[in-house]
Structure formats: C-alpha cells, structure tokens
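*Asks:* Dropping a structure here in structure tokens format, bear with me for questions.
The values are calculated or read from the model by the stated rules, or taken from the named source; none is laboratory data. Fair warning: this is a prediction, and the values are worked out from it, not measured in the lab. Cβ sites come from the backbone with ideal geometry, for glycine too, and all protein chains shown count toward neighbours.
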Amino acid sequence: MSLSLPQPPAAALRAVLTALDSPAAVCAGRPSAMQHRSGQLTPAHPLPVHLLDTAAGAAPVTRTAADLLIGARRTGWRFLIRDGDEVVAAAETRETSEGQHVFAYFAEGPYPRATLRALHQARAHTAASATPYLPRLLSVPGRYMTALWLHPVLDPTRSQELLIPLAPAPLGVTAHLPYEAEQLLSPLSHGNESLLTAAG
C-alpha cells in the first residue's frame, strides 16, 4: 500500500503562494535557485513539520520512542518548491498560538532534494505493506537531524514507526536508510542525552 499523503491546510498553501508572488519575499532571502528560475515556481509535496524537543523535558525519564513521537509537536508545514520538474527550494509555514498559518521562510541547500528522495524511498519501502503510512517531517535538534517520519495510520500499536534520516545525517546515522524509531531515537528514549555526543 502506498503512502497516505497528507492534505495541508488551505491557509498554509495560501501563505506559500502569496510569498512566491511577493516582491518583498524575493528580496528578503529567496534562494538563488529560485531567483534564476526557468519556469513557474509551484509548491508541491506538503508535509507537516514536527519538533522533537527534548530540552523542554524536566528530569531524565525512561521513555519509549513511541512516547517521544507522541510528544513531538507540530510547528507548521513544509512545501517543496518546484521549477518545472526540478526541486529548487523549500518553503515553510508556522502555526501561531492562535492557530493561524503564516509564511516563515524559504530554504535551499541539501534538505529539499533529500526530502524528495526520502519520499520516493518511502513509497518503495512501504509498497508491499498492508499498513498505510502517513509521511511527516521530524526535526530532532538533540541529534542535529531531520528525518522523514512514517507514521502507521491504521494501528500504530502493532506497526513500527519508521524514520528515514535526510542527508546530511549526524555521525553514526546512515542517511536515506529506513530505521525503526526505537533504534534511531534510543539515546533520547532512555533519557540519557550524554549519549548524543557519541551517537550524533
């Protein structure tokens, strides 16, 4: 079964489209690849962005990776920006405390193309599975890592949460290799952040 692609809020998509058409956004940090476009820039492949912020916790507590992921809060949405068939950048929106979706920034570098590559890998990896997976982006500052998070939709208690780290990945982690969440987040899940130095 293929991925169950998420539907972004209409307000988040409008925020990105407005930024793409804004001369102010062009002058305020639009990536160079977008400025030298050859065609119409379009947002594609929207993914909700979740932050796994272990620094917000109190005393170290043993938690499973599933516990950590349940606590990951959604901060906004990220769209890949295409120039024709090529991904040239990403656009991110954020959710305000009032529940509004506002444009945050454009970004280039390795992550936009790595995101697209991970989505292709996720489709291939889950094609034979009877469980549909919902793709998300997971930011893990404690490991200096961003990963494509594959969340099982129908029965999360029986199916594994999967993570595909994007390139560049931290030391000791292989980019674009699917991991079970417990394997990748074990230093965090045991409340021992000192392990992060060795792992990442």
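*Asks:* Which of the following residues is more than 16 Å from the chain's Cα centre (by Cα) and at pLDDT 95 or above: Val102, Val153, Val173?
*Replies:* Val102
*Asks:* Further question: If you take the residues of the range 128-143 that are touching a Leu at 6+ places or on another chain (Cβ under 7 Å) and of a type in the set (Ser, Thr, Tyr), which of them is farthest from Leu184 (Cα to Cα)?
*Replies:* So the residue we want is Thr131.
*Asks:* Filter the range 42-96 down to residues that are over 25 Å from Gln183 (Cβ atoms) and part of a loop (DSSP other than H, G, I, E, B) and give me whichever is modelled with the highest pLDDT.
*Replies:* Ranking the candidates gives Thr96 first.
*Asks:* Scan the range 6-39 for residues that are more than 26 Å from Arg143 (Cβ to Cβ), assigned to a loop (DSSP other than H, G, I, E, B) and modelled with pLDDT under 85 and jot them down.
*Replies:* Matches in the range 6-39: Ser22, Ala28, Gly29, Arg30, His36, Arg37, Ser38, Gly39.
*Asks:* If I ask for residues that are in a loop (DSSP other than H, G, I, E, B) and either of a type in the set (S, T, N, Q) or closer than 16 Å to Ala65 by Cα (or both), which ones from the range 156-186 would you list?
*Replies:* Listed by number, the residues that qualify are Pro156, Thr157, Arg158, Ser159, Gln160, Glu161, Thr174, Pro178.
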